[in-house]
Every structure is written in structure tokens, then in C-alpha cells.
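Structure first, then comments.
Please treat every number below as a calculation from the coordinates, not as lab data. Quick caveat: nothing in here was measured; it's all calculated off a predicted structure. Cβ sites come from the backbone with ideal geometry, for glycine too, and all protein chains shown count toward neighbours.
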Amino acid sequence: MIQKPTFTSTWKALLYLLPALVILLTFNIYPIIKSFIMSFYTDYDFFKDIVYEYGLDNFTYIFQDAEFWKSVVNTLVFVIGVVPLSIVISLGIAILLNTKIRFKGIFRSIYFLPFVTSVIAISMVWRWLYHTDYGLINYSLGLFGIEKIAWLTDPQWAMPAIIIMCIWKGLGYNIIIFLAGLQNIDQQLYLAAQIDGAKPWKRFMNITLPMLSPTMFFISIVSVINSFKVFDEVFALFDGKPGPAYSAQTIVYYIFEKFYNEWEFGIASAAAIILFVIIFLITLIQLRLGRSRIIY
Amino acid sequence: MQRAAFSKGFIYLVLIIGSVCMLLPFAWMFITSIKSPGEVMMMPPVWIPEDFKWENYKEAWSMAPFARYTINSIIVTVLSTLGELVTTILAAYAFSRMHFYGRDILFSILLGTMMVPGEVLLIPNYVTLSNLGWIDQYQALIIPWLASIFSIFLLRQFFLGIPQELSYAAKIDGCNNFRFLWTIMVPLAKPALITIVLLKAIGSWNSFLWPLIVTQSKEMRTLPVGLTSFSTEAGINYELLMAASTMIILPMIILYFCLQRYIIEGVAKAGIKG
């Protein structure tokens, strides 16, 4: 029984769609277009909502702004610092959790706990953990004879501090997704390999990893996208500043600063568009690379 | 057998060390929150405070309008979650069960916009809201979040999995679309709806950048925004800052431990980041 759309059915459907569409058109779709247009506003009076001049000046400004390039570099450092480590650690834990052990559920809940808590509140806790003189982390390092590190006040250590915290926070999510992926692997493959005398490491390399490649692919895309948008953690960890001497300024922080503190709507919009283009291109590259590696 | 026991011991060891690393920040937050100012700054650290200073909570609570922040967070979370639930159910039903012109194109456009990072929407949305005169009002905190493409997509997939025959049977019995949706589809889609509600509630309770931008007065702040300004006021009084953090984190931890099965399974199935 195939139904064809009619005018009556379209009207009816529109009634069902109306509430969602009104919101989505106003706050999701229109702003995408508007943001693109705003990035060309070079002379704009926000209070009167009048644009006096359009042009490419915002983009030239950004590309010549050393602060912007610094935020791009910081963001890249962050992505490269968080994503691979987080994937390796969470995969390891997921594999251990997938063995025949007790208290599996309890372990899983513990690792997932940071996911549900407020980034802001937990960043406050980390700010305290990272305290140079009274922080638990420096105290623990001291037990191993390592000297105090000025995590939050030394520009060199600001990025590592953020990276460690974000790995900690994001671990649980990756573990859950990996576990779901692991449980989808056909157990007979392992039995067959065992009969053929394959050692655990071989089984991991030749069964687990290839069978897990779609999951791995998904996680790496999601993690890269989310890492590019890091903001809350920076804001909360450094008390509303982008780290000592701008050492932890990320792209979104740059957008926020231009928009919220300097009221440069055009420049902020242009930076947001650039962020979108960067994320879009990197996702495309990942899709390309992924297509050749994935074994379904 | 011996080797198996050894490797099992190793697995437990690694998992337990990992768990300690995950829980330690929470434990340290709580321990610090009931210390006296002197104990906070003691080295080596004090693990069990001499007497539990519960009054830190009272003090933190009265130093900033946390009551107001909490009420705001509850209002925003409850209303935006309920609102999103209604718009999602209606839209997902239309996309999965109704036949209308432009359905597939519209759906693809919506999915396509999910590619755009939310930060791109920030500035135009701010301008829209200030034109509407909604800045620093509940409308600004709630209305832009009353619909989510991701939730519509999730529920549509779930609706598509419900056998079509049910709706034929219902129609023959004289049940119209609207009643069919609410009395048959919605109860059947309970697992998907619980996932949508929980992820939305967690995201809404914890959201920061948007409430930071659209609120100006103290009275309109939500808990996370209030906490960042409190952290400046609290300064080096870490016991107060930790007490405030505990107050924000605790409701979510309780909710999590009551409903963790739904949250974890929901994330595993939906595969999204809140």
C-alpha cells in the first residue's frame, strides 16, 4: 500500500511540523545564512541594526591577526593532544571491560560519571587539583620526586592542563561507544582464531581492530569535531581568561572574545565561518581516509 | 589456569586504578568542601577533616544567590525539555508516517544543517533575540532550544521501526492520526523518548556558553554561569568553591545513578555527545 502525497496530506503534515519548523527556521537555519552574511559586515551598528559597509575586511583582518593564528595553533595542539590519547586509553579500558569479569556495570558507571556532570563545576574542581602549592596533583608528583609544576600560571603548562582534564572527562563516552562496538563482533571469529592457534595480540590486530574500524571511525570524527569547539573548559579553568598570556586561547574563545568582549560582530562571524570551514574540511579528509581503511 | 588468574588480577588492577583516577576529583571536591580554611591549605593534604564543616555549604549558598540560580536552572531545564519533547514527537511523526510534498528534501536539509557547529549560530541568534527584546529573559534561555534536529532524527528512526500495520488497524477502527500518535506510537517509543529527555535534560542543566551570553543580570543566571562568577568572589576560599561545585554536580549524579541504564544505553545507541 503506497500512499501518494496530496495537498490535504501536505497541509496536515505541516500542522505537525509547524512547532519544530518555526523554532528550527528561526534559530538554526536562518542564522546559518545570516552568519555568512554578517561575516561581510565591515561597518555595522548593532544598536540600530544598520549595515553601512560590506567587504572582505573581516577576513583580511583575521588572517593578519597573530592572536587568531595563535588560537588556531592552540586548538590544533589540543586536538592532537586529546583525540589519539583518549582513543587509545578508552579502547584499552573497553577491551578490559569486555572480558569475563565481575562488577562490569559498576566500572562502566564510574568511567562514565564525568560525562553527566557540569563542565564548569568539574573544571572548578580541577582548578583546585592543579593548584601549584596545595593541589593534589603536584602533591602526588612530589611523592615521586617531581618538582612543583605551575599548571595554571605557566604558559607552557596551560595546554597540557586542559588536555589532561578533557581526556579524563571524555573517556567514559568513548568507552561506552567502543563497548557497543566490541559487543557487535561475532564471537565465532575469536573461536575460529583460537582453534587456528592465534595468540591474543594477533587476535587483537587481525580481528578486534578491523571489526572495530567503523566504531573507531565514528569516534575519531566526533572527537575531532568536539575538540575543535573547546571553550567551556578553558573559560572555567582559567577563571574567564584564555590562560596565562593567552596560552590557552582556542578558536571558539577567539570568537567569544571578539563577539562578547569587543563587540566586533563582523569579525566574530567571519571567525565562526572559518571554524566551520576548518571542521568541514577536516571531516571530509577523515571521511576520505576512512573509506579506504574501513572493513565492514 | 595460573596464568589466567594472573591476567585476571592484572585486569582488575588496571580497572581499579583507572576508577580511582575517575573518582578522585569527585572525592577530593567533597572532602575539601567540608574542611576548615586552615585544613584546605595544609600540606601534606588532610584526607579526613577533623570536624566536618557542613556550614561551608550554608555559607557558599548565602554568598551568592544560588537559590535563584537553581530555580532558573530548573525552569530552563524542565521547560526546554518538555517543549523539545512535544515538537520532536510531532515532527518525527510527520517525517516517518505522513506523506507530503517535499518531505525528503526538507529532511535532508535539516540533517545537512547538523554539520554546522553551534558556535556559528551564536551571533545571529543573539541579534535576533535582542531585536525581539528577549535578552536577559527566560525566553532567550528556553525558546531557541525547543526543537532539536538530532532528536527528530532519532525518534523518526525509532518510529520507522514500528510496524506500519498498526496504523492501518487503528485507521480501520476509526482512530485518527493524532490519537494514534499519542495513544499508540508514543507509548511504544518510550525507550527512545527516555533517551531524548535524559540527554536533553543533562545538556540543558550543564549548558554554559549560551546562558553566559544571553544573561546580564544576576537574577537570570543559571547555575553554571552563577558558579563562574562565584568563583571570582570566593577567591582562594576553595572549601566554599568546592561546596558550590558539589551542589551543582550532586543532582546530576543522583539522577545518573537512578537512571544510568537508560543514559548509558541511550548514549551507546544514539552515539552522541551531550
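Using r as the Cβ-Cβ distance of A:LEU284 and A:ARG102, and R0 as 56 Å, what FRET efficiency do you calculate, to the nearest 0.05? Approximately 0.80, to the nearest 0.05.
In terms of surrounding Cβ atoms within a 10 Å radius of their Cβ, B:ILE143, B:ILE194 rank from fewest to most as B:ILE194, B:ILE143.
Dipole check for the protein assembly as shown: with +1 at the C-beta of Lys and Arg, -1 at the C-beta of Asp and Glu, and the Cα centre as origin, the magnitude is about 2520 Debye. Legend: ranking of residues A:HIS131, B:HIS99 from fewest to most surrounding C-beta atoms inside 10 Å; resulting order B:HIS99, A:HIS131. In this structure, the pairs whose alpha-carbon distance is over 31 Å, taken from A:LYS4/B:LYS190; A:LYS4/A:LYS34; A:LYS100/B:LYS269, are A:LYS4/A:LYS34. Among B:TRP134, A:TRP201, B:TRP182, sorting on how many other beta-carbon atoms sit within 10 Å of each Cβ, with the fewest leading, yields A:TRP201, B:TRP182, B:TRP134. Dividing the Cα radius of gyration of segment B:187-264 by its Kirkwood radius returns 1.08 for Rg/Rh.
Per the Cα gyration tensor, segment A:1-151 maps to an equivalent ellipsoid with semi-axes of 45, 34, 16 Å, ordered largest to smallest. Find, among the trypsin sites (Lys or Arg not before Pro) in segment A:206-293, those assigned to loop by DSSP (not H, G, I, E, B) with at most 10 other beta-carbon atoms within 10 angstrom. Hits after loop and neighbour filter: nothing returned.
With the convex hull of the Cα atoms taken as the outline of segment B:62-270, the averaged projected area works out to 14.2 nm².
Only one residue of B:PHE26, B:ALA5, A:TRP168 has its Cα farthest out toward the positive end of the dipole of the protein assembly as shown, where Lys and Arg carry +1 and Asp and Glu -1 on Cβ, and that residue is B:ALA5. Treating each Cα of the protein assembly as shown as an identical point scatterer and summing with the Debye formula, the log10 of I(q)/I(0) at q = 0.07, 0.08, 0.09 Å⁻¹ comes to -0.47, -0.61, -0.78. Mean per-residue shielding of peptide A:271-277 is 3, counting Cβ atoms of other chains within 10 Å of each Cβ. What the phi angles of segment B:128-140 give under the Karplus curve with 6.51, -1.76 and 1.60, with θ = phi - 60°, is a coupling list of 4, 5, 6, 5, 7, x, 9, 4, 6, 10, 4, 3, 5 Hz, glycine and proline written as x.
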